[in-house]
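The values are calculated or read from the model by the stated rules, or taken from the named source; none is laboratory data. Only a predicted model underlies this, so the values are computations on that prediction, with no experimental measurement involved. With ideal geometry, Cβ positions are generated from the backbone for all residues, glycine too; neighbour counts draw on all protein chains shown.
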Amino acid sequence: MAAQLDIIEVKASLGINEAGEITGNAWVFAEPDSVGDVIGKGAFGSIPADLPILFQHDPTDIAGTWSEITATNDALTVKGMLHLDRPRSRSIRSMVQSGLIGGLSIGFRTIEAKQSGRNRVISNLDLVEVSLVRNPAHPKARVTGAKQFDLASAIAAALNRAAAHFSK
């Protein structure tokens, strides 16, 4: 009897390119984070340009600048560049490339919110920063892309090939 293997799908793409360009989903709308916060698309209002990319929400550890922040139908998406003229930013890029760091987390000031069951529904906020973190509060707030380096897709492709091979 042949063992049945499930096909493994990796949804998040973790990576960053050599130039330091990074993209991701900073917040996925309509889904609570680990503390029960729910933020809708309209809560972000006017989004400031050139927010800092912090490491682990440390205001003294500025790694780069987010140049594009957009509220799509599904998520708050970000695109930016690490400041690779700084050794610390090159170190952070290496952590993202290795998969050690792959989460994003937003820093904000709540302007308006209401309680709905166990969730706090935030309807208005001021976005202050978006950090690269190891363990984001929102499980789907992840680095999603890079032009040249995509470790998760490579791993997913290898796992799917192996599963296909063993299911024959």
Can you tell me how many residues within the stretch 116-168 are assigned to a loop (DSSP other than H, G, I, E, B), charged (D, E, K, R) and either modelled with pLDDT of 90 or more or surrounded by 12 or more Cβ atoms within 10 Å (Cβ to Cβ) (or both)? 5
Residue 65 fails exactly one of (1) within 16 Å of residue 22 (Cβ to Cβ); (2) surrounded by 15 or more Cβ atoms within 10 Å (Cβ to Cβ); (3) modelled with pLDDT of 90 or more, namely (2)
Filter result for residue 103 (in contact with a Ser or Thr (Cβ under 7 Å, 6 or more places away or on another chain) and crowded, with 19+ Cβ neighbours inside 10 Å): no
If I ask for residues that are surrounded by 17 or more Cβ atoms within 10 Å (Cβ to Cβ) and in a strand (DSSP E or B), which ones from the stretch 73-100 would you list? 75, 76, 77, 78, 80, 81, 82
Test residue 70 against the criterion of being closer than 18 Å to residue 129 by Cβ and either at pLDDT 95 or above or surrounded by 14 or more Cβ atoms within 10 Å (Cβ to Cβ) (or both), and give yes or no. no
Residue list for the stretch 40-92, filter: of a type in the set (S, T, N, Q), over 24 Å from residue 112 (Cβ atoms), touching a strand residue (DSSP E or B) at 6+ places or on another chain (Cβ under 6 Å) and free of Cβ contacts under 8 Å to residues at least 40 places away in the same chain: 65, 67
